[in-house]
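Here the structure is laid out as structure tokens; the discussion comes afterwards.
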Amino acid sequence: MTKDSKHTKPVHVDDEKLAQKLSESWGTLDALAGHSPIPTKEDLLLMLSSHKKKMKRKLWKELGLLWGIAAFVIAGSLLLMERELSTYIWIQMLLAMGSVGYLSFQHWMTKARQRGESREHT
């Protein structure tokens, strides 16, 4: 129901006319906005499958790089251990201390973040 400015009585608008006017208005608005139409289910599935393939290729590439670096590091460590045992031991001790320091720092940062979040909620 709408009120006409000339009439004081409410005027009933036919539902079909209202739906037609609204669809015309939405069509005009869509044309002005310049947005592409909503993709179909098939288009979405195609985009999803191509994205999955691309991510799978990227994952295998990164995994190959990781294994290559790991093999190089292990081979270097074994070679160093065979030639200079004392240097190998020092390097291992430095790496262990660095790891403990890094993990301690991460633990401290996590706790600090949790304390900050709990203060925000109160």
FRET efficiency, residue 53 to residue 113 (Cβ-Cβ, R0 35 Å, nearest 0.05): 0.45
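By the scheme Lys and Arg +1, Asp and Glu -1, what is the net charge of all other residues having a beta-carbon under 14 Å from that of residue 65? Walk me through the numbers on the way to the answer.
Numbers: positive: 57, 58, 61; negative: 62.
Around residue 65, the charge tally is +2.
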Estimated FRET transfer efficiency when R0 is 25 angstrom, pair residue 22-residue 46 (beta carbons, to 0.05): 0.20
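A short reminder: the numbers here are calculations on the coordinates, not readings from a lab. Everything quoted here is computed from the prediction, not taken from an experiment. Cβ coordinates were reconstructed from backbone atoms using ideal geometry, including for glycine residues, and neighbour counts include every protein chain displayed.
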